[in-house]
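To start, the structure under review is shown below, and the notes come after it.
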Amino acid sequence: MNDAQNHTRTPNGYIPLHRSKYHNHIALKEGKVFIYDDSGRDPDETDDGPLYVAEDILNERGGIKVNAGGEYGPTANIPVRDRHCFSITDQGQLEFYSANVDLEGAIKIGRRLGLKVDMVTNIYDPKTKK
């Protein structure tokens, strides 16, 4: 049984995949992975509207990079798009935004999309010295 089969659908048809205490949540719908904050119970009800993972960008990056540092633990910066995104960047790609997920969320996205997830460790950062 996979992760999506363990959950029930929201009223808008999303299947919750991951909830985070401090970072964005993850849901599935119509073959896409969506990231959303806690301003609504599913991506359609949030302030930003539904943001889906930009799989093409993650594939170009060679997977998901998780930054080991952070106030609330490791985070991954995930490229996302909204349903109305038709702007083209200077590189000829559809415009995208970024959303942070925690380590467990990054692993679930990586597993769902068949991408590797790498942990980037910060051994020393002089900016954090007080």
What aspartates and glutamates does K65 reach when the alpha-carbon gap must be under 13 Å and sequence neighbours fewer than 8 apart in one chain are set aside? D102, E104, D118
According to the square roots a ≥ b ≥ c of the eigenvalues of the Cα gyration tensor, what is the shape class of the range 11-82, taking rounded for a/c under 1.5, prolate for a/b larger than b/c otherwise, and oblate for the remainder? oblate
At D37 and R111, where each label point lies 7 Å from the Cα along Cα→Cβ, what is the point-to-point distance in nanometres? 2.7
So, over other residues within a Cβ distance under 10 Å of G49, counting Lys, Arg +1 and Asp, Glu -1, the net charge is -4
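Throughout, read-outs are computed from the coordinates displayed, never taken from laboratory work. Here the structure is a predicted model, which means the values were calculated and not measured. For neighbour counting, all protein chains shown are included, and Cβ atoms are generated from backbone atoms with ideal geometry for every residue, glycine included.
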